[in-house]
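Reading through the structure tokens given below for one structure.
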Amino acid sequence: MHCSLDLDSVHRKGSAEVLRVEDLRVEFCLPDEDILVLAGIDLAAMAGQIVGIVGESGSGKTVTALSIARLLAPPGRIASGRVLFLGQDLLGLDAAQMRSIRGSQISMIFQNPRASLNPVFSVGKMLKEVLKVHSGLQGRAATIRAKELLADVGLPDPDSVLKRYAHQLSGGMAQRAMIALALSSSPALLLADEPTTALDVTIQHQIIQLLLRLRQEHNLTQIVITHNFGVIAELCDRVAVMYAGSILEEAPVAKIFDSPGHPYTRGLLAARARVGRHTEIENIPGQVPELKNRPDGCPFHPRCAHARDICRVKVPRLEQTAPGHHIACHRWQELA
Ligand SMILES: Nc1ncnc2c1ncn2[C@@H]1O[C@H](COP(=O)(O)OP(=O)(O)OP(=O)(O)O)[C@@H](O)[C@H]1O
Ligand code: SF4
Ligand SMILES: [Mg+2]
């Protein structure tokens, strides 16, 4: 699919672009066939912006984040596209250059923080290791910095937390420790894959507040993946709605809630209105297509009440429909 995200859209003006993904295509090379999992993703984040990616299970959210960080493992393979980080295409870097960027400028946190922390090292050992590699800090200086980082992410009693192992932390504490680790290299970009999903509602809210504070205090640009429109509403500036490996709509959060333009987004929001604001997204009628049987034309057409002949044969481009608002639907004008 051709990239049509408007480079001059309003949200870009006046500040630096940290991330721009252009027409990113990813395949999984399985023994009997290659499956196209990302069918041309376009995404952008300005410095200090928090951009959400929302979509049903299997839509390609995690594969998108892993591809941006070049952490996608075989059989996954980036087939084409560009991932511009501060203007540099990450897809052109060799493994060593990429490791260095990942360790220092791009960090990633995951859904299950306890499982993501190394179980055989204490929090202190993990933090001090990263500080040694990236800041050259050792001994007392590293301990002081590690305690500052733990305090910065709101962990009380950093002395005690430094000595603890993953299994000795609650889910919320473990996510804060993961975030401290992610911040220890002072990254410009944080990729957060469902950072609140495994946590109870009160702790979810605290982690959202922490991510907002990191943006305010450190101007940290964030890509936040979630199933939850409540998280999008509280945390994000912009949101991309993903479906079957494509972005179907991308806009400022207020626009998505006030005037969603894509039938899929409307369906998700209508389901949310039925089940309550702070729940995971509800499935709308019909099944997410199996990617190995990707429908021709608009990927949403088998579930779309508005589908016409053109929808079954021609892939709609993600086009700008208003300043900063992008929709991939042949009929967006008629349906507006
Ligand atoms: N190792 C793999 N081998 C083959 N296919 C894979 C592999 N990992 C992911 N996929 C496929 O890629 C697609 C996108 O997966 P991805 O994990 O990105 O979805 P997601 O949107 O993050 O879903 P969830 O909300 O459940 O986390 C899925 O259809 C999945 O089947
Ligand atoms: S392109 Fe057609 S099938 Fe796809 S969402 Fe729009 S109206 Fe529905
Ligand atoms: Mg995922």
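The values are calculated or read from the model by the stated rules, or taken from the named source; none is laboratory data. As the structure is a prediction and not an experimental result, all values here were calculated from the model. When we count neighbours, we look across all protein chains shown, and the Cβ atoms used for this are built from the backbone with ideal geometry, even at glycine. What goes into the accessible areas is simple: the full protein's heavy atoms, side chains included, and nothing from ligands, DNA or RNA. Shrake-Rupley method; radii C 1.70, N 1.55, O 1.52, S 1.80 Å.
Per-structure values
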item	result
Most positive-pole-ward Cα, S80, L291, L149, against dipole of the chain from beta carbon charges	L149
Fluctuation leader among A177, A73, A271 - the chain, Gaussian network, Cα springs under 10 angstrom	A73
Accessible-area ranking of S80, S57, S107, largest first, probe 1.4 Å	S57, S80, S107
Extension gain (nm, one decimal) between Q320 and L84, 0.36 nm per residue minus Cα-Cα	82.9 nm
Per-pair calculated FRET efficiency, R0 = 45 Å: L335 and S170 via Cβ, rounded to 0.05	0.45
Most mobile of S59, S67, S160 in a GNM of the chain (Cα contacts under 10 Å)	S160
Exposure rank, largest accessible area first [K147, K132; 1.4 Å]	K132, K147
For the chain, built as a Gaussian network whose Cα springs stay under 10 Å, the top-fluctuating residue of A166, A180, A95	A95
Span from the the stretch 177-223 Cα centroid across to the the stretch 135-175 one, whole angstrom	15
Relative contact order of the stretch 165-320, defined on C-alpha pairs under 8 angstrom at six or more residues apart (%)	16
Inter-probe distance in nm under a simple model that places probes 7 Å from Cα toward Cβ, at Q206 and R77	4.6
Area accessible to solvent at E148, 1.4 Å probe radius, in Å²	90
MRE, 222 nm, helices only [DSSP H, n ≥ 4, -39500 (n - 2.57), over the chain, to nearest 500]	-10500 deg cm²/dmol
For the stretch 116-186, accessible area per residue (1.4 Å probe, heavy atoms of protein chains only), Å²	47
Rounded to 5, percent antiparallel among DSSP beta bridges of the chain	65
The chain: C-alpha gyration tensor shape, a/c 1.5 cut-off, then a/b vs b/c	prolate
Accessible area (Å², 1.4 Å probe, nearest 10) - F121	80
